[in-house]
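In what follows, a structure is listed as C-alpha cells, so that the remarks can point back to it.
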C-alpha cells in the first residue's frame, strides 16, 4: 500500500512540476517579443486546462504527502517534511486564490470581445508572475525532499 501512495504522490508532483515548467517555457517564449497577442494565444491553448491540472495535482500532492507521513516512520517535525508541506501548501494557495480568479477573469474577457479591455495583458502578466513563484516554491520543496535536509 505504501508503494502505491508513494507512486501517486510522486506522479502528482511530476505532473505539477512538469506542467509548471512547461507553461513557464511557453509563456517565456511568448513574452519575449513586443506582441502581446502572443501571450493571449498561449493562454488560450493552456490556460483553463493547466489551471485545473495544477489545482488537482497540487492538492493531490499534499494529500498523498500527508498520507505518506502518516503510514511511514517520517515525522512532521523533520525539516524536509515540514518545508515540503509548507511550500507545497503556499503554492496551492497561490494557484487557488490568486491565479485561478485571474484566469477566470481573462477567460470571461476573451469570450466577450465587447467587454474586453486593456487589462488582459496585465492580468496575464500577474498570472505569469504567480506561475514563476509557484515553480520556484516547488523547486525549493523538491530540493528539500530529494536531499532530505
Response to the item:
Of those in segment 116-149 that are more than 16 Å from residue 87 (Cα to Cα) and touching a helix residue (DSSP H, G or I) at 6+ places or on another chain (Cβ under 6 Å), the residue modelled with the lowest pLDDT is 116
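Rundown of residues vs (1) within 11 Å of the chain's Cα centre (by Cα); (2) loosely packed, with under 14 Cβ neighbours inside 10 Å, yes/no style:
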{"site": "96", "(1), (2)": "yes, no"}
{"site": "99", "(1), (2)": "yes, no"}
{"site": "114", "(1), (2)": "no, yes"}
{"site": "124", "(1), (2)": "no, no"}
{"site": "127", "(1), (2)": "yes, no"}
Item to complete: Please find, among 64, 76, the residue that is touching a helix residue (DSSP H, G or I) at 6+ places or on another chain (Cβ under 9 Å), surrounded by 15 or more Cβ atoms within 10 Å (Cβ to Cβ) and at pLDDT 85 or above.
Response: 64
Worksheet item: Does residue 16 satisfy being more than 25 Å from residue 128 (Cα to Cα) and at pLDDT 90 or above?
Response: no
Discussion item. One residue is enough: does segment 84-91 have a residue meeting the conditions loosely packed, with under 12 Cβ neighbours inside 10 Å, within 17 Å of the chain's Cα centre (by Cα) and more than 12 Å from residue 127 (Cβ to Cβ)?
Written reply: no
Practice prompt. Might you check whether a residue that is within 18 Å of residue 138 (Cα to Cα) and modelled with pLDDT under 85 occurs anywhere in segment 95-104?
Written response: no
Discussion item. If I ask for residues that are under 15 Å from residue 89 (Cβ atoms) and surrounded by fewer than 17 Cβ atoms within 10 Å (Cβ to Cβ), which ones from segment 45-55 would you list?
Written reply: 55
Worksheet item: Which one of these is in a helix (DSSP H, G or I) and under 30 Å from residue 35 (Cα atoms): 100, 82, 89?
Response: 100
Worksheet item: Can you name every residue in segment 57-78 that is in a helix (DSSP H, G or I) and touching a residue at least 40 places away in the same chain (Cβ under 8 Å)?
Response: 57, 58, 60, 61, 64, 65, 67, 68, 71
Discussion item. With touching a residue at least 60 places away in the same chain (Cβ under 8 Å) and either at positive phi or in contact with a helix residue (DSSP H, G or I) (Cβ under 7 Å, 6 or more places away or on another chain) (or both) as the only criterion, which of 6, 26, 53 stands out?
Written reply: 6
Worksheet item: Any residue in segment 16-26 that is buried (at least 17 other Cβ atoms within 10 Å of the Cβ), in a helix (DSSP H, G or I) and more than 15 Å from the chain's Cα centre (by Cα)?
Response: no
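The values are calculated or read from the model by the stated rules, or taken from the named source; none is laboratory data. As the structure is a prediction and not an experimental result, all values here were calculated from the model. As a convention, Cβ positions derive from the backbone with ideal geometry for all residues, glycine included, and neighbour counts pool all protein chains shown.
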